[in-house]
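Below is one structure; the comments refer to it alone.
The values are calculated or read from the model by the stated rules, or taken from the named source; none is laboratory data. Everything numeric here is computed off the predicted structure, so don't read it as measured data. Ideal geometry is used to build each Cβ from the backbone, glycine not excepted, and the neighbour counts take in all protein chains shown. Only protein heavy atoms, including side chains, enter the accessible area calculation; ligands, DNA and RNA are left aside. Shrake-Rupley method; radii C 1.70, N 1.55, O 1.52, S 1.80 Å.
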Amino acid sequence: MATHVEQHIKVDAEGGVGWIRFNRPDKMNAFSTALERDLLTALQRACADEEVRVVVFAGGGRAFSGGWDLAESDLTDPEHHPLSGRAGRHTWLEVVRTLRRPDKVFIAAVHGWAAGQGVELCVLSDLVVCDETARFYFAETRVGFAMTSGTAKMLPLLVGMANARKLALLGQTIDGREAHRIGLVVEVTPEGEHEAAALRLADEALKGAPLAIAAQKSLLDGGLAMPLEALQDFEVQVSFRLTHTEDHQEAKRAFAAKRRPVFKGR
C-alpha cells in the first residue's frame, strides 16, 4: 500500500502495518461526508494489500476525532442526510463492517478527544491504546443523536452493561485511565507515546500465524451470536483445519529447532 493522501486522510504502510491518519486538524478531525468516503477508500486499499496485516487509526493535530461535524450538512434533509437510506448503503456502515474482516487486525491509537463516531471507531476496533491526554466523550445524547455502528451491542461487551448505560445515557466523558479500568482500552501511555504503543501491539500481532489470527478473530466474533455448544463445535472445526496448514507445520519445526517460526499465511 503506497503512501498517499486523500483529502482528509493520510495513509502509509511499512513492515506489514498500515497507518490511516485523520487529516482534518482544523476541525479536530471531525467526521464529514468527505472524510467518511476517504476513510472507506483508505480501508479498502489496506484490505486489498496482502502485505498489510495490521491497520492503525490515528489522528493528526491535537485530537483523534471530535465526532460528527454538526455544521457539515442539513441533518433534517432526507435527500442529503448522511444516514439516509435513500442514498443507498451508508458509507459509515461500510467502514465499521470492514473492521470485522478476520484477515486484518485494527488498532485505534488515541490522543486528545475521541467523541461520537471517533469513540464508535474505537469500540469497533480490535484493540485501543491511548495516551494520558485522551478523553472519550459519548456525546450522542448531548447533541440529540443516537449510537450507530453496532455500539449498542459492542460497548456493553467491552465495559459491562452498567458502565455502558452510564456512558451512553448520561453523555459521559472519561479519561484514559478510566477507559482502561473499565476495559475500553488495553494500554495508557505517557503523552505522545500512544502510536509507539500501537506499533508494539502491531509487531506482536505480526509474530502470529496469519491464518491462526484470522481464525481467532472469527471465533471471537462468531461467539457473540452462537450458543455455547455450537461455538465449541466451531472451535474444533477451525482448529482441525489449522493443523493442516503450512504455518502449523512450520511452528512445529521451529519449536523443535528452538528458533522463531517464519509464517507465510498458508
Flagged in segment 144-153 as open to solvent by 40 Å² or more (accessible area, probe 1.4 Å), in a helix (DSSP H, G or I) and touching a helix residue (DSSP H, G or I) at 6+ places or on another chain (Cβ under 9 Å), in numbering order, are ALA152
Any residue in segment 248-263 that is in a helix (DSSP H, G or I) and under 27 Å from ARG62 (Cα atoms)?
no
Is there a residue in segment 240-250 that is modelled with pLDDT of 90 or more, in contact with a Lys or Arg (Cβ under 7 Å, 6 or more places away or on another chain) and open to solvent by 40 Å² or more (accessible area, probe 1.4 Å)?
no
With respect to the numbered conditions (1) touching a residue at least 40 places away in the same chain (Cβ under 8 Å); (2) closer than 29 Å to THR91 by Cβ, which one is the sole condition not fulfilled by ALA197?
(2)
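Please verify whether PRO25 is touching a Gly at 6+ places or on another chain (Cβ under 6 Å), modelled with pLDDT of 85 or more and not polar (S, T, N, Q), treating the condition exactly as stated. Give the derivation first.
Working: touching a Gly at 6+ places or on another chain (Cβ under 6 Å): yes; modelled with pLDDT of 85 or more: yes; not polar (S, T, N, Q): yes.
Yes; evaluated as a whole, the condition is true for this residue.
Among VAL143, VAL159, which is the only one that is of a type in the set (Val, Ile, Thr) and within 19 Å of the chain's Cα centre (by Cα)? Show your work before the answer.
Working: VAL143 fails: within 19 Å of the chain's Cα centre (by Cα).
Result: VAL159 is the single residue among VAL143, VAL159 that is of a type in the set (Val, Ile, Thr) and within 19 Å of the chain's Cα centre (by Cα).
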Among all residue pairs at least 6 apart or on different chains, which show Cβ distances below 6 Å where the first residue, located in segment 10-39, is more than 16 Å from GLY118 (Cβ to Cβ) and open to solvent by less than 20 Å² (accessible area, probe 1.4 Å) and the second is part of a loop (DSSP other than H, G, I, E, B) and among the β-branched types (Val, Ile, Thr)?
GLY18/VAL52
Only unsatisfied item for THR141, checking (1) without any contact (Cβ under 8 Å) to a residue 40 or more places away in the chain; (2) of a type in the set (Ser, Thr, Tyr); (3) assigned to a loop (DSSP other than H, G, I, E, B), is (3)
Which numbered condition TRP113 fails, given (1) under 12 Å from GLY59 (Cβ atoms); (2) open to solvent by less than 50 Å² (accessible area, probe 1.4 Å)
(2)
How do the pairs read when you match residues in segment 43-58 that are free of Cβ contacts under 8 Å to residues at least 60 places away in the same chain and within 17 Å of GLU204 (Cα to Cα) with residues anywhere that are outside any helix (DSSP H, G or I) and among the charged types (D, E, K, R), using Cβ under 7 Å and keeping only pairs 6 or more apart or on different chains?
VAL55/LYS104
Residues of segment 248-266 that turn out to be of a type outside the set (Phe, Trp, Tyr) and within 26 Å of the chain's Cα centre (by Cα), as a count
3
TRP68: open to solvent by 20 Å² or more (accessible area, probe 1.4 Å), aromatic (Phe, Trp, Tyr) and either closer than 26 Å to THR133 by Cβ or modelled with pLDDT of 85 or more (or both), yes or no?
yes
